[in-house]
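Written out below as structure tokens is the structure these notes cover.
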Amino acid sequence: MASFSLITSTSSLASSSLRKLFTSRNSVTTVGLLSFAPKTSIFILHSIKHKAYNKSSFRVMSVAAPVEDVAGFDDMVAGTQRKYYMLGGKGGVGKTSCAASLAVKFANSGHPTLVVSTDPAHSLSDSFAQDLTGGTLVPVEGPENPLFALEINPDKSREEFRSATQTSGGTGVKDFMEGMGLGMLVEQLGELKLGELLDTPPPGLDEAIAIAKVMQFLESPEYSMFTRIVFDTAPTGHTLRLLSLPDFLDASIGKILKLRQKITSATSAIKSVFGQEQPSQQDAADKLERLRERMIKVRELFRDTDATEFVIVTIPTVMAISESSRLRASLKKENVPVNRLVVNQILPPSTSDCKFCAMKRKDQLRALDMIQNDPELSSLTLIQGPLVDVEIRGVPALKFLGDIIWK
Ligand SMILES: Nc1ncnc2c1ncn2[C@@H]1O[C@H](COP(=O)(O)OP(=O)(O)OP(=O)(O)O)[C@@H](O)[C@H]1O
């Protein structure tokens, strides 16, 4: 079992001396500097004496600084009406770690919580160190109140869309129409690029369908208990395409449905001539209509300032901050509410004469300065997350990270 301990010290006590001190006494092999208050440091001591993490292995020896309401967590946790938090940003910045730690914090604050991954490359299972795969709700072990996780299977979502559209205007219908010599309708199909849409669905479609599916779940009574829903979304590019997707799909599906009317009359005319049963398109059309309605709901949810907030997660590099600025601009254009910016993986001030650390920190401070001068980002509540030198995995570690970030 691994054990973690928190200890505060004066800043003059370097991690190397702590490492020596605890290695001899407690088999502590890793000492990570977590954050600095003006006169205090918090160190995380990670023992590899044991094989697995568990809750009781965390020992908080003292707390460094009074908890400040930096992130406005009081506001995030207030009220029992359902709220959605979507965490998004560039790949690898720590979206999953931040989303999972927020979900743990909500659950420990009394909210039955659901954390959902719509990123095709799921990492919730890795983050919680529990198997959460399978596309259904899985209870997360550890928090004080119910916390469930859901990793949506993107391939399944895409297949659902394909089967819903295939018989109602997809390539199957196209071939059929060509066979019947109904050139005019084939042209319309071509214009809609339906074949392309079905064979290579636009990026973001999986995620839109995944979110739509979650919303469908959440409407049913057995899910009414969840008062906080945290989405770990796919990287920025996907999110941006996702936002423009409902409009695109709305228009496309609207056209498909109109086209369907024409096809239905054409097929019933053929049926009456040849006396043959044509495959019923009613089911597919109904499915499409439901999908369209759900897409509209997803769009509305993204824009609902009372129920939803998109939290941008970034790291202190020029590239990540520039991308976050573009993301914020696009979200603004789409009227998606954004109030908070998490800057994760900030190096604490160097306690040793490590030149690399000093340079890196200087570089990060320059990037942090950029935020203050960025027209898109400067107005957001800035939440700073430290870079820790142990991997954040499992509920105790996520609780620990959550208590640093979400306060
Ligand atoms: N504050 C931190 N300190 C140290 N390591 C961190 C921190 N935040 C995240 N990490 C580590 O960085 C890696 C990527 O984190 P995470 O999976 O949360 O990022 P992500 O943005 O969700 O990635 P992806 O875009 O690939 O889904 C993980 O190994 C995680 O443990």
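The values are calculated or read from the model by the stated rules, or taken from the named source; none is laboratory data. Since the structure is predicted, the reported quantities are computational estimates derived from the model, not experimental observations. For neighbour counting, all protein chains shown are included, and Cβ atoms are generated from backbone atoms with ideal geometry for every residue, glycine included. Heads up: the accessible areas ignore ligands, DNA and RNA and are worked out on the full protein's heavy atoms, side chains in. Shrake-Rupley method; radii C 1.70, N 1.55, O 1.52, S 1.80 Å.
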Exercise for the section: Say whether the condition of being within 10 Å of the ligand (Cβ to nearest atom), under 13 Å from the mean Cα position of the chain (by Cα) and β-branched (V, I, T) is met by at least one residue in the stretch 86-104. Expected result: yes
Exercise for the section: Tell me which residues, restricted to the stretch 316-357, are away from the ligand (no atom under 16 Å from the Cβ), aliphatic (A, V, I, L, M) and open to solvent by less than 20 Å² (accessible area, probe 1.4 Å). Expected result: L331, V336, V338
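Would you check which residues across the stretch 119-141 are of a type outside the set (A, V, I, L, M, F, W, C) and over 23 Å from A71 (Cβ atoms) and list them? Working first, answer last.
If we filter the stretch 119-141 for residues that are of a type outside the set (A, V, I, L, M, F, W, C), which is where we start, we get 119-120, 122-123, 125-127, 130-131, 133-136, 139, 141.
Result: P120, H122, S125, D126, Q130, D131, T133, G134, G135, T136, P139, E141.
Would you confirm, using the coordinates I've provided, whether D374 is open to solvent by 60 Å² or more (accessible area, probe 1.4 Å) and assigned by TED's automatic domain parsing to the domain that holds A103?
Taking the combined requirement at face value, the residue does not satisfy it.
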Problem - Tally, over the stretch 358-394, of residues that are under 12 Å from V342 (Cα atoms), within 16 Å of the ligand (Cβ to nearest atom) and of a type in the set (A, V, I, L, M) - result: 3
